[in-house]
Amino acid sequence: MICNVILLVGVGLTCIPNFYALAIGRLIYGYSAGLFSFLTPKYISEVAPVEVSGTFGGVSQLACTIGILLPSLLNPFEDDIEQVLYVYILFLGPLVISCIQILLMVTYFNFDTPPVMKANGDLVKLRDLFGKIYDPHIV
């Protein structure tokens, strides 16, 4: 959740038509991207069932690679469009995805990870969570 807020601040700063705001926004955005690149696999390993955690980890890395590829694909069109519009197009995707993530984390995925629940002694919540993640007959 904190990474998404940092990302929103960075994207917001890049939308200001000022070189220094763009540079600081890119720095903050890069910091957020770095946080996502190592926190997302950790979160997936703690929450996803073992049977699908490899697939989810692969999708996470694929999303990072696509996020690197898309700006490179937009670069040839940079001369045809205004520079400010290019920046808006470039950061619209992460902005939308971040807002969707915040919405999902506040509504549907509103729980701690299993290791945190176990450390806090919330065994009833942990059992309920495992009932959602795994087949209820197994738990």
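Laboratory data are not the source of any read-out in this text; all were calculated from the coordinates shown. Here the structure is a predicted model, which means the values were calculated and not measured. Cβ: placed from backbone, ideal geometry, glycine included. Neighbour counts: every protein chain shown.
See the values below:
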item: Extension gain from Leu62 to Val106, taking 0.36 nm per residue of separation minus the Cα-Cα distance; result: 13.3 nm
item: Using θ = phi - 60° and Karplus 6.51 cos²θ - 1.76 cosθ + 1.60, couplings along segment 19-34 (whole Hz; Gly, Pro as x); result: 4, 5, 5, 5, 5, 5, x, 5, 4, 5, 4, x, 4, 5, 4, x
item: CD proxy at 222 nm, helix term only [per DSSP H run n ≥ 4: -39500 (n - 2.57); per residue of the chain; nearest 500]; result: -27000 deg cm²/dmol
item: Theoretical gain in end-to-end length, Ile89 to Val124 [0.36 nm per residue, Cα-Cα removed]; result: 8.0 nm
item: For the chain, size of Cβ-based charge dipole, Lys and Arg +1, Asp and Glu -1, in debye; result: 440 debye
item: Ascending count of other beta-carbon atoms within 10 Å, so fewest first, for Ser32, Ser53; result: Ser53, Ser32
item: Max mean-square fluctuation residue, GNM over the chain, Cα-Cα springs under 10 Å, options Gly67, Gly121, Gly58; result: Gly121
item: Among Val50, Ser72, Leu104 the positive-end extreme of the charge dipole of the chain (Cβ point charges); result: Val50
item: Reported label for calculated percent of Cα pairs over 25 Å apart given [x] 21; [y] 39; [z] 32; result: [y]
item: Centroid-to-centroid separation of segment 86-130 and segment 1-40 [C-alpha atoms, Å]; result: 19 Å
